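One structure below.
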Amino acid sequence: MHRISRRRFTQGLAAAGGLLITAGPASAAVTTAIGRPAGLPKPKGQRVVVVGGGWSGLTIAKYVKEFAPELDVVLVEKRSTFISHPLSNLWLAGLVSLETLTYSFLDAANNHGYTYFNATVLDVDRPQRRVFTDKGFIGYDFLVLAPGVEYDYPAMGIEDPDQIQLLKTRYPAGFVSPSEHITLKRKVNRFRGGLFLLTAPPGRYRCSASPYERACLIAAVFQRRKIKGKVVLIDSREQPSVTPEGFVAAFDELYPDHIEYMSSTEIEGVDPVARQVTTTFDDITFDDAAFYPPIRGPVLLEHLGLVNPESPQKEAHIDHFTYNIVGDKRVYAAGDCRPMPFSKSASAAHTEGIYVARVIAARSREKEVPWESPRIICYSVVDASPQEAIKVDATYRFDKQTKQWDYQTSVSTNDRSSALARENLAWARARFNELLL
C-alpha cells in the first residue's frame with residue numbers, strides 16, 4: 001500500500017467508490033475533513049477497527065471486546081440502522097414484521113462495550129496504520145475488513161451502464177441493500193398476475209438457500225391471494241445448491257401451479273425495457289422480476305490492493321486459517337468477502353466471526369489459537385401456512401493432500417416441518433439478542 005497524503009487527494013482519486021476531488025476551494029475543504037483525526041476518544045489500549053456492521057462485523061466487534069476487554073474496539077459502519085437480510089424473505093411474505101428485522105447500532109455498541117462510528121471508509125494506509133473515512137482518519141493496531149459483497153452485473157453479460165441502472169432500480173436483487181427489500185415487497189404486494197421472474201446466480205453468493213426460499217414464499221403469497229401468477233426461477237445449476245430434495249419437493253407438492261423451476265438454464269441477455277430475458281433455451285417475457293446477478297468482493301478491496309488474484313469473484317487475499325491479509329497480521333478480512341467456499345450466510349459469518357475475534361484477541365497478547373471451522377445452520381421456510389421449513393447443518397475441513405475444502409459434517413433435513421420453522425425464528429431471535437440487544 002502507498003501512503004496517503006494531502007497532495008494525493010488534491011491531485012486525483014481520493015477514495016474507493018470513485019470519489020473524484022477536483023482542485024479548488026471545495027477540494028481543500030474535503031481533504032481537510034478526510035485528513036484530520038476522527039472525533040473519537042483516545043484509545044486506552046490497543047485499538048481494533050472493524051469496518052462493516054453486518055453479521056460478521058457485529059460478531060467480531062462484540063467478541064473481540066468479550067475475549068480481550070482491554071482492547072479498544074471501534075465499529076465503522078456507513079448505515080445508521082441495522083436491518084437483517086436473514087428472515088427478510090419471511091417479511092416479504094408477511095410472516096414477520098419489519099420491526100423484527102430492525103435494530104440500532106448504537107444500542108449494540110453500548111450494550112457490548114465498543115464504539116459505533118457512523119462513517120464511510122475511503123482508504124487505508126497500512127504502513128501508517130490509519131483508516132481514512134469521510135469523517136476523518138482512525139489509527140489502528142488491528143483492522144478487520146468485513147464490507148460484504150457487491151453485485152457484478154458485467155459477469156451476467158450486462159455491460160451497458162444504462163441497462164445496469166435500470167435493472168438495479170426497476171428489478172433489484174434484494175440481497176445487499178435494505179432499500180431493495182422494501183422495493184421488492186412493494187412489487188410482490190402490487191403484483192396482479194402474470195410471470196414474476198427470479199434468478200439464482202452462478203458461483204458463490206450470499207445465502208445459498210435464499211433464492212429458492214424466496215420463490216416458495218412469493219408463490220405462497222400469490223396462492224393465498226388467489227393471484228393468477230407464476231414465479232419462474234432461473235438457475236444455471238442442475239438442482240438447488242442446498243437441500244435440493246426439500247426444495248424440489250416443495251416446488252412440486254406445494255406450488256405446482258405457482259412455481260416453474262428452470263434448472264440448467266443460463267441467462268444470455270436481459271432487456272429491462274421490453275421486460276424480456278434471453279436464455280440458452282428461449283426468450284422469456286416477464287411482468288415483474290428481481291434479478292440476482294453474480295456477486296463479487298467490494299471495490300474497496302480492489303482499491304486497497306487486497307484482492308486474491310486467483311479469485312474470479314474478487315474476494316480478499318487472506319490466510320485461510322487465520323483470516324489475516326497475506327503478509328499482514330494486523331489486517332483481516334472476514335464475512336462474505338472471504339474466498340473460502342464456506343456458505344455466505346449469517347450462521348457462517350457469525351461462527352467464523354467468533355473465531356476471528358479469538359485470533360485477534362490472542363495475537364494482541366502475542367499468542368495463537370487453533371483453527372475452528374465455521375458452522376452452517378441454514379433454515380429455509382418453504383410453506384407459509386402452516387409455516388414449515390427445511391434445514392442444513394454443516395462444518396468444513398481442509399484436505400491437505402488435495403488442497404481442497406470439503407464438508408467435515410453435513411446433515412440435510414429435507415422433510416419440511418413446523419418444528420424447523422419455529423427453530424428458525426428461535427435461532428434468529430437468539431442471534432439478535434446476542435449481537436444487537
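The values are calculated or read from the model by the stated rules, or taken from the named source; none is laboratory data. Note that this is a predicted model, so its numbers are computed, not measured. All Cβ positions, even for glycine, are placed from backbone atoms using ideal geometry, and neighbour counts span all protein chains on display. We work out accessible area using only protein heavy atoms, side chains counted, and drop any ligands, DNA or RNA first. Shrake-Rupley method; radii C 1.70, N 1.55, O 1.52, S 1.80 Å.
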Looking at the stretch 234-298 from every direction and averaging, what is the projected area of its Cα convex hull in nm²?
-> 5.8 nm²
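When the accessible area of the stretch 323-437 is split by element with a 1.4 Å probe, what percent falls to carbon and sulfur? Could you put the intermediate results ahead of the total?
On the way: 2390 of 5030 Å².
Within the stretch 323-437, the accessible surface is 48 percent carbon and sulfur.
Rank-order 266-273, 69-76 by packing density, defined as the average count of other C-beta atoms within 10 Å over each peptide's residues, highest first.
Working: 266-273: 16.4, 69-76: 21.2.
Going by the mean number of other Cβ atoms within 10 Å, highest first, we get 69-76, 266-273.
Probe of 1.4 angstrom, ligands and nucleic acids ignored: what's the accessible area per residue over the stretch 186-283, in square angstrom?
Details: 4310 Å² over 98 residues.
Counting only protein heavy atoms, the per-residue value for the stretch 186-283 is 44 Å².
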For the stretch 197-263 the trypsin sites (Lys or Arg not before Pro) that pass both the DSSP coil test and the at-most-11 other-Cβ-within-10 Å test are 226, 228
Provide, for q = 0.18, 0.19, 0.22 Å⁻¹, the log10 of I(q)/I(0) from a solvent-free Debye sum over equal Cα point scatterers in the stretch 148-236.
-> -0.88, -0.98, -1.26
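Which value in deg cm²/dmol, rounded to the nearest 500, describes the helix-derived mean residue ellipticity at 222 nm for the chain, given -39,500 (n - 2.57) per DSSP H run of n ≥ 4 and division by the residue count?
On the way: 13 runs with 138 residues, N = 437.
After summing the helix terms and dividing by the residues of the chain, the value is -9500 deg cm²/dmol.
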Applied in sequence order to the stretch 174-180, the curve 6.51 cos²θ - 1.76 cosθ + 1.60 (Karplus, θ = phi - 60°) yields integer Hz couplings, x standing for Gly and Pro, of x, 9, 10, 9, x, 4, 5
Scan the stretch 309-361 for GluC sites (Glu not before Pro) in coil per DSSP, keeping those whose Cβ has at most 15 other Cβ atoms within 10 Å, and list them by number.
-> 310
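Relative to the compact-globule scaling 2.2 N^0.38 Å, provide the ratio for the alpha-carbon radius of gyration of the stretch 363-426.
Details: Rg = 17.0 Å, N = 64, 2.2 N^0.38 = 10.7 Å.
For the stretch 363-426, the normalised Cα radius of gyration comes out at 1.59.
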Enter the accessible area per residue of the stretch 128-181 (Å², integer; probe 1.4 Å; all protein chains in place).
-> 39 Å²
With bins of 5 Å, the percent of all Cα-Cα pairs of the stretch 205-251 per bin from 0 is 5, 20, 31, 23, 13, 7, 1
For the stretch 307-437, restrict the atom set to alpha-carbon positions and state the Rg and Dmax in Å.
-> 16.9, 54
Would you please give the residues with an amide H less than 5 Å from that of residue 315, counting only those at least 5 places away or on a separate chain, with H modeled from the backbone geometry?
-> 297, 308
Taking Cα atoms, how many degrees apart are the long axis of helix 55-67 and the longest axis of the chain, rounded to 10 and kept between 0 and 90?
-> 50 degrees
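Leaving ligands, DNA and RNA out of it, report the carbon-plus-sulfur percent of the accessible area of the stretch 72-118 at a 1.4 Å probe.
Numbers: 880 of 1820 Å².
Whole-percent figure for carbon plus sulfur exposure: 48.
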In whole Å, how far is the Cα centre of the stretch 268-334 from that of the stretch 372-437?
-> 23 Å
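Just round it to a whole percent: the fraction of Cα-Cα distances in the stretch 241-352 exceeding 22 Å. Present the calculation step by step, with values, prior to reporting the outcome.
Numbers: 3438 of 6216 pairs.
Looking at the stretch 241-352, the distances longer than 22 Å represent 55 percent of pairs.
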